[in-house]
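First the structure, in the form of structure tokens, and then the observations on it.
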Amino acid sequence: MFTSTSHLYDTIYSFKDYKKESDEIIAIIKSRQPECKTILDIGCGTSEHHKHLNEYFRMDGLDLDKIFIDISRNKNPSGTYTVGDMSDFDLGKQYDVIICLFSSIAYLQSYNKIVAALKCFSRHLKSGGFLIVEPWFNKENLPEPIVHMLTNDKGDAKICRMNRSVVEGDFSILNFQYLIGTLQNGVQHFEEKHVLRLTSKEEMFSAFKEAGFDVSYEEKGLVGRGMYYGNKH
């Protein structure tokens, strides 16, 4: 997880077009769940999408990272943001729509954990509610391994993040190496290991159905990783 760099997440991912992604999410929801008023964002991160989504919906969020939740609360004081595990939480309320974006679901390390999470999502959806889940890649569509580098030279912090992705069994391993330079602290080096499950479409369809959803899949999604859509029975 982003244990060393949570506070720099928005800087690192400043290349993402959150407005464009949010517009696509709004269009999907308005076409499939036009009466939607409330959304729970699971694995919400720093809730950058919420700047755009909360013009149309009441946005709440859940994430395992307390720093992310603190940042989210500051961005959207009208929302309720909770530290929690997506496979085991109880907020005591239900929503019209749940979204789980940017491959957060892939951090669940087993099929049973995915089913548990989807069942938890279902409990937090109203009858007839709608679920959007953006997956990680699977073994069939995983891009060829490359050495990837991301840099950010804006503002006071200069950041370079480099990694080489590898596959080990059913998992995609991302060993991130960071160099972060600031006037206050000089140049620091951090490492983070991210382990994402390469869950097949067949497994995901089975998990959705086991959790009580009618499920469909769209190949492209927001950023080329695909998208699963679930309608609660």
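A short reminder: the numbers here are calculations on the coordinates, not readings from a lab. Model, not experiment: these values are computed from the prediction. Please note: Cβ atoms are built from the backbone with ideal geometry, for glycine as well, and neighbour counts cover all protein chains shown.
Quick notes on this one:
- Distance from segment 166-233 to segment 102-146 (C-alpha centre basis), Å: 8 Å
- Bridge orientation summary for the chain: considering DSSP beta bridges with both residues in this region, about 70 percent are antiparallel.
- Applying D = kT/(6 pi eta Rh) to segment 147-197, where Rh is the Kirkwood radius over alpha-carbon pairs, T corresponds to 10 °C and eta to 1.306 mPa s, the Stokes-Einstein value obtained is 132 µm²/s.
- Other residues within the sphere of radius under 14 Å centred on the Cβ of residue 86, judged by their own Cβ, net out at -4 (K and R +1, D and E -1).
- Cβ-Cβ FRET estimate between residue 126 and residue 19, R0 fixed at 22 Å, reported to 0.05: 0.20
- Taken one residue at a time, the phi angles of segment 220-231 give Karplus couplings (6.51, -1.76, 1.60, θ = phi - 60°) of 7, x, 6, 9, x, 9, x, 7, 9, 10, x, 10 Hz. Gly and Pro are set to x.
- Summarising the amide proton neighbourhood of residue 38: residues at separation of 5 or more, or on other chains, whose placed amide H is nearer than 5 Å comprise 58, 96, 97.
- Normalised per residue, the volume of the convex hull around the Cα set of the chain (Å³): 118 Å³
- Remark: segment 141-148, residue by residue, has Karplus-estimated 3J(HN,Hα) of 10, 5, x, 4, x, 9, 8, 10 Hz, where x stands for each Gly or Pro and the curve is 6.51 cos²θ - 1.76 cosθ + 1.60 at θ = phi - 60°.
- Pairs over the 23 Å Cα-Cα cut-off, from the set 16/119; 16/220; 51/201; 16/193: 16/119; 51/201.
- Comparing mean-square fluctuations of 172, 87, 127 from a GNM of the chain with C-alpha springs under 10 Å, the top value falls on 127.
- Taking amide H as placed 1.01 Å from N in the peptide plane, residue 221 has its amide H under 5 Å from the amide H of 226, 227, each at least 5 places away in sequence or on another chain.
- Nonlocal amide H pairs with residue 125, under 5 Å, H built at 1.01 Å: 95
- Converting phi to 3J(HN,Hα) with the Karplus coefficients 6.51, -1.76 and 1.60 and the offset θ = phi - 60°, segment 54-71 yields 6, 6, 10, 9, 7, 10, 10, x, 9, 8, 6, 9, 5, 5, 4, 5, 4, 4 Hz in sequence order, with x at every glycine or proline.
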